[in-house]
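Some notes on the structure that comes next.
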Amino acid sequence: MTEQLSAPIPHGISTPADRSRPFVDVELIIPALNESARLPRTLAHSVAFLRDQPWSSRLVIVDNGSVDDTPAVARRVAAELACEVPVEVVGCSRPGKGAAVRRGLLSSSSRFVGFFDADLATPVETLSTAVEHLEAGAAAVIASRHLPESSFVRPQQFGRRAGGAAFRLLARGVVPGVRDTQCGFKLFERDAAIRALVRCHTEGFAFDVELLHHVQQGGGRIVELPIAWTDSPDSRFHPIRDGLPSFGAILRMQKAMSA
């Protein structure tokens, strides 16, 4: 991949003042809340894959208010692996996955930017196909657990599957044609992501729906990729604490669309 400067940020769009990370082809955000146990394996596996790719890359861990030693573990592992692939650690004081992802994406200057969950439920190797689609003109490439070709290495419990089905039904009204807005692996053409991000207000788990909605509204093409997905028994998603606000956020989006 030929290195090139990313396109300028559209007029009127502001980004954090600390946007100083050097340009790379692909920059990946990992939102992290109390992830000290999983980060070493996730980072080691991701770096082992990324170092062999034809494009330059960086991993950015965004600590989202962890109360364990996630920041210290992330910095230690980053120091060990940075000679192969740059790994940086930043903080986010605002709670919510959406806030952490937003912090990481808006402070990027790279050509393609995205995020994936610290549990590696989606194989990091999915990046190879995602980059190909972005180079072919897609605005966003997202992993999907609900395409005919997808499979579950370890399925979710029944309660989460039922709740997920109901959520997907609502989300289709906001992002038509997209089967799985919530799989934790997404890669974007940076300028399409920036234009969508500045219109987003949700900071919880419904953030993905609003982000994809604005990408779609901006004329961007979204590609879904089938994956072999592994459910994590240590998922940070809680059906009551996170699920109910997510349903509420979707209903507010639908109301705003019909206004």
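As a rough guide to protection, the peptides 248-255, 135-142, 56-63 ranked by mean Cβ packing within 10 Å, highest first, stand as 56-63, 135-142, 248-255. In this calculation the C-beta distance from residue 154 to residue 53 is compared with R0 = 30 Å, giving a FRET efficiency of 0.65.
If R0 is 22 Å, what FRET efficiency do you get for residue 125 and residue 83 from their C-beta distance, rounded to 0.05?
Details: r = 22 Å, r/R0 = 1.00.
My answer for the efficiency is 0.50.
Rolling a 1.4 Å probe over the protein heavy atoms leaves residue 35 with an accessible area of roughly 10 Å². In order along the stretch 102-119, phi translates into HN-Hα couplings of 4, 4, x, 5, 5, 9, 9, 10, 8, 5, 10, 10, x, 8, 8, 6, 5, 7 Hz, rounded to whole numbers, per the Karplus curve 6.51 cos²θ - 1.76 cosθ + 1.60 with θ = phi - 60° and x for Gly and Pro.
Site pair residue 251 and residue 166 shows an inter-label distance of 1.1 nm when each label is modelled 7 Å from Cα along Cα→Cβ.
The heavy atoms of residue 179 offer some 110 square angstrom of accessible surface to a 1.4 angstrom probe.
In this structure the amide hydrogen of residue 88, modeled in the peptide plane, comes within under 5 Å of the amide hydrogens of 59, 60, 61, none closer than 5 places in sequence on its chain.
Using a 1.4 angstrom probe, figure out how much accessible area the stretch 11-147 has per residue, in square angstrom, rounded to the nearest whole. Write out the running numbers ahead of the final one.
Details: 5260 Å² over 137 residues.
That works out to 38 Å² per residue.
Could you calculate the contour length gain from residue 69 to residue 199, that is, 0.36 nm times the residue separation minus the distance between their Cα atoms, to one decimal place in nm?
On the way: separation 130, 0.36 × 130 = 46.80 nm, distance 3.32 nm.
Full extension of this stretch gives 43.5 nm more.
Couplings for the stretch 26-38, taken from phi via the Karplus curve 6.51 cos²θ - 1.76 cosθ + 1.60 with θ = phi - 60°, read 10, 10, 10, 9, 10, x, 9, 10, 6, 10, 4, 6, 8 Hz in order; Gly and Pro are left as x.
The values are calculated or read from the model by the stated rules, or taken from the named source; none is laboratory data. In this text, all values refer to a predicted model and were calculated from it rather than measured experimentally. So basically every Cβ, Gly included, is an ideal-geometry build from the backbone, and we count neighbours across all protein chains shown. Ligands, DNA and RNA are excluded from the accessible area calculation, which covers all protein heavy atoms including side chains. Shrake-Rupley method; radii C 1.70, N 1.55, O 1.52, S 1.80 Å.
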